[in-house]
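*Asks:* Starting off with a structure, shown below.
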Amino acid sequence: MPGRFAASANIGPVGFPEDILTDDEMVVLDLHPHWVRLVGPLACAVVVLLLAVLGVFFTPSGAAQQPLQYLILIIAVAALFWLSIRPWLRWVTTRYVITTERVLLRDGILTRSGHDIPLGRINDVGFRQTLFERLFSSGTLTIESAGERGQLSLTSVPDVEQVHLRLYELGEDLQGRASA
């Protein structure tokens with residue numbers, strides 16, 4: 001699957017800002033968490049919308065019941081935002097980027113945060129997959145570094161075993177360049 005992990009030029013409204021890369025640094029992998037994380041929010045959206053429609057249509061009609069229908073709609077919109085739209089926004093704004101020099105994590109909807117680990121400081125890379133994650137070829141990638149924070153866990157990484165292998169290869173390439 002080498003084509004799936006080619007350098008990415010995916011720059012959009014929420015794309016990875018390539019202007020933060022050094023001159024000779026190239027993006028190797030640019031990933032979002034696995035799409036399976038959106039299944040639960042999508043199911044919640046369907047249930048909330050179904051319950052809202054049922055609630056509005058099965059409340060007795062009349063002027064006195066209209067505030068109850070508005071209350072049902074307000075609760076439905078709040079639940080839809082909290083259970084579906086917020087997780088989708090979190091998914092869209094979470095990026096796992098691996099370059100030729102470092103691993104970057106960028107996340108956050110309103111308040112952005114980032115964590116960078118230079119490949120030269122990585123001590124250990126491991127992954128963990130539950131049975132469910134194995135079915136969808138995702139998992140948690142754990143990167144231990146010599147920095148002050150020590151460990152970075154990237155959850156729901158798509159094709160986690162391939163990403164693990166690619167990260168190991170990049171580390172070996174970096175060591176080869178350093179010794180040459």
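We did not get these values from a lab; they are worked out from the coordinates using the rules stated. Treat the numbers as computed from the prediction; the structure is a model and nothing was measured. Cβ sites come from the backbone with ideal geometry, for glycine too, and all protein chains shown count toward neighbours.
*Asks:* Any chance you could run the full-extension gain for GLU169 through ALA146? It's 0.36 nm times the residue separation minus the Cα-Cα distance, nm to one decimal.
*Replies:* Values: separation 23, 0.36 × 23 = 8.28 nm, distance 1.88 nm.
So the extension gain works out to 6.4 nm.
*Asks:* Sticking with this structure for a sec: Give me the Debye-computed log₁₀ of I(q)/I(0) at q = 0.08, 0.18 Å⁻¹ for the chain, equal point scatterers on Cα only, no solvent, two decimals.
*Replies:* -0.37, -1.18
*Asks:* Once the convex hull of the alpha carbons of segment 39-102 is built, what does its volume come to per residue, in cubic angstrom?
*Replies:* Measuring per residue, one finds 61 Å³ for the Cα hull of segment 39-102.
*Asks:* Follow-up question, since we're still on this one. Give the relative contact order (percent, whole number) for segment 38-89; include only Cα pairs under 8 Å separated by 6+ residues.
*Replies:* 58 percent.
*Asks:* Under the definition of Cα pairs under 8 Å and six or more residues apart, what whole-number percent is the relative contact order of the chain? Don't skip to the end; give the middle numbers.
*Replies:* Numbers: 242 pairs, mean separation 34.6, N = 180.
Relative contact order for the chain comes out at 19 percent.
*Asks:* Another question about this same structure. So for each of 88-95, 138-145, 72-79 I average, over its residues, the number of other beta carbons within 10 Å; can you give me the resulting order with the highest mean first?
*Replies:* Going by the mean number of other Cβ atoms within 10 Å, highest first, we get 138-145, 88-95, 72-79.
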